[in-house]
Each structure stands twice: as structure tokens, then as C-alpha cells.
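Below: the structure, in C-alpha cells.
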Amino acid sequence: MMYTTWGSVRQGCDHAHKSIETALDCLHRDQSGTASQGGYSDRSIRVLEPGDSASAYDTQRGPGRPLTEEEQEEIIRIEHERE
Ligand SMILES: [Zn+2]
């Protein structure tokens, strides 16, 4: 499974990340980047299933699919471990 980040306003990073961790790093970089310009990132992590593209997708619906509740919990666990 691959991961990317996307928000309806910011749109996607267009990367196919190989792990949730690297997608999370990318998300945090975008959040810091937009915050330093007084903005806000509406991106979140999306899951790319086989055949989904990180760069060619419906700009209203976003690439891949949103995270499941279980996957969201995994991200919370990863973030806690980093603190
Ligand atoms: Zn990315």
C-alpha cells in the first residue's frame, strides 16, 4: 500500500509515499510551510490502493481513499511515539 497527502483547498503533494511515516513527514512539512506564510494546510493522508495514482485524480474527490479509523489510530500512535 502507498500513501499520499491531499486536501480540497491545498490539493495533493503528488508523491506516492511508501509508508505512513514518510507521508506524515510530508504532511508536517506542508503544515509548517503554510503556517510560516500565515496559512493553514487542509491536507490529510490518503491511502493509494494498487492502480491509484498520486498525481492524476479527481480534484474534487482526491486521490485514493481516506484513512480508516484503524489507520488513523496508527497515526496517533506514531505521533505519540515521536513526542
Ligand atoms: Zn508527499
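Nothing in this text is a laboratory measurement; each read-out follows from the coordinates by a stated rule. Keep in mind it's a predicted model, so treat the numbers as computed, not measured. As a convention, Cβ positions derive from the backbone with ideal geometry for all residues, glycine included, and neighbour counts pool all protein chains shown.
Below are the figures for this structure:
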| read-out | value |
| --- | --- |
| Neighbour net charge for residue 9 - beta-carbon separation under 9 angstrom, K R +1, D E -1 | +1 |
| Simple spin-label estimate for residue 29 and residue 55 in nanometres, 7 Å along Cα-Cβ | 1.5 |
| Cα-projected label distance for residue 69 with residue 21, points at 7 Å along beta-carbon direction, nm | 2.8 |
| Karplus-derived HN-Hα couplings along the range 18-35 (A = 6.51, B = -1.76, C = 1.60, θ = phi - 60°), whole Hz, x at Gly and Pro | 7, 9, 4, 4, 6, 5, 5, 4, 5, 4, 5, 4, 5, 5, 5, x, 5, 5 |
| Integer Hz, Karplus 6.51/-1.76/1.60 couplings in order for the range 67-83, x for Gly and Pro | 5, 7, 4, 4, 5, 5, 5, 4, 5, 4, 4, 4, 5, 5, 5, 7, 5 |
| Amide H within-cut-off set for residue 5, under 5 Å, with H built and near neighbours excluded | 13, 14, 15, 46 |
| Hydrodynamic radius by Kirkwood, which averages 1/r over all alpha carbon pairs of the range 2-82, in angstrom | 12.8 |
